[in-house]
Amino acid sequence: MNISESLFQALSTQCQPKELDWLREKSAKDANSLSLSFVMVPRFIEKQELEKEVLSQATTILPAWNWNGWTLDRLARVYLLSLCQERDLSQEAYIKKINLLFDTAEMNESVALYSAIPILSYPEAWMNRATDAVRSNVGLIFDAIAFGNPYPKKYFSELAWNQLVLKCIFNDKPIHQIEGLEERNNEALVATLVDFAHERWAANRRVPSQVWRLLVPYLTPDMLVDIEKLIHSDQASDRLAAALVLSQASLVEAKTLAEKYKNELPAIPGELWGALEKPEPIYQPA
């Protein structure tokens, strides 16, 4: 079963019969008609949250794909986009067709396009689009490329990847929803995060507690001063972050610090960093 067939199967789980009839009719059309149908989706497909049964099908279609937060009309648009690559278009014509959709898209269309990037043909052709989305000040567009989207994990350079993660942190967005967060973590990113924390603290501002998870594989003795500061924080989430870092780090000095403060550190919860996976306001007083 190819991607478009799998997407239609997912849609069939939730769509009403008349919605499926419309999608079947449009799926037989040429590329130009598919583009028009992409725009017309809200007239024929309900804008409702995807049900759990549909959500569970995302990763079976493409590893690391996550449809949390998607609506049925967005999934229908992604399905129509998947059909374009099955039409007899040259690479140049295909890229031109998709770029035209990007250039003329309204907000919901843009979100669907960025959500579909992982399944578009010629993935390198969409790099500029994807990195532009990271720089976007439009939250919905940024979220479409940053969260539940496997494209950055697979194709972004280290610099582009780090910009994505840092922007999430600067804007108090949940970094655990970034696909590949641990796999693409790197020493340069951690160094920047430590500098960011020092700047925030100097300005009497907080750092979201769960970002400290990124330090674990790159923890150095010099960074333990920062972890010790977390131990003394009046925020329970900071103290838990310190406990998690020290429990997971392989650094000998980390074990020593954990022993020093064993009576002050909180117990490690069963869900580990999952206990901190919630938005926290950055710009509140420390």
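We did not get these values from a lab; they are worked out from the coordinates using the rules stated. Note that this is a predicted model, so its numbers are computed, not measured. Neighbour counts run over all protein chains shown; Cβ positions are idealised from the backbone, glycine included.
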*Semi-axes of the equivalent ellipsoid for segment 1-84, Cα gyration tensor, largest first, Å*: 19, 14, 11
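How much mean residue ellipticity at 222 nm does the chain get from its helices, if each DSSP H run of length 4 or more adds -39500 (n - 2.57) and you divide by all residues, to the nearest 500 deg cm²/dmol?
-17000 deg cm²/dmol
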_Positive-pole candidate from 120, 28, 257, dipole of the chain, charges at beta carbon_ = 28
_Positive-end extreme of charge dipole, the chain - chosen from 76, 171, 276 (charges on Cβ)_ = 76
*Toward the positive end of the charge dipole of the chain, about the Cα centre and with charges on Cβ (Lys, Arg +1; Asp, Glu -1), which of 156, 186, 13 goes farthest?*
13
*For helix 187-202, what angle does its Cα long axis make with the longest principal axis of the chain, in degrees from 0 to 90 and rounded to 10?*
60
*Starting from the Cα-Cα distance between residue 30 and residue 51, subtract it from 0.36 nm times their residue separation and give me the gain in nm to one decimal.*
4.5 nm
*Using the alpha-carbon atoms, what tilt in degrees (0 to 90, nearest 10) does helix 72-84 show relative to the longest principal axis of the chain?*
60
_From the phi angles alone, apply the Karplus equation (6.51, -1.76, 1.60; θ = phi - 60°) to segment 38-53 and give each ³J(HN,Hα) in whole Hz, x where the residue is Gly or Pro._
3, 6, 7, 3, x, 6, 10, 10, 5, 8, 9, 5, 6, 6, 4, 4
*Taking every pair of Cα atoms in segment 133-234, average 1/r, invert it to obtain the Kirkwood radius, and report Rg/Rh to two decimals.*
0.97
*Take every Cα-Cα pair in segment 187-276 and report what % of them are more than 19 Å apart.*
32
*With only Lys, Arg, Asp and Glu charged, each at its Cβ (+1 for the first two, -1 for the last two), find how big the charge dipole of the chain is about the Cα centre; round to the nearest 20 debye.*
260
*What order do you get for 122, 155 when you list them from fewest to most C-beta neighbours inside 10 Å?*
122, 155
*Hey, how much of the P(r) for the chain falls beyond 30 Å, as a percent of Cα pairs?*
40
_segment 29-188 - Rg (one decimal) and Dmax (whole number), Cα, Å_ = 15.4, 49
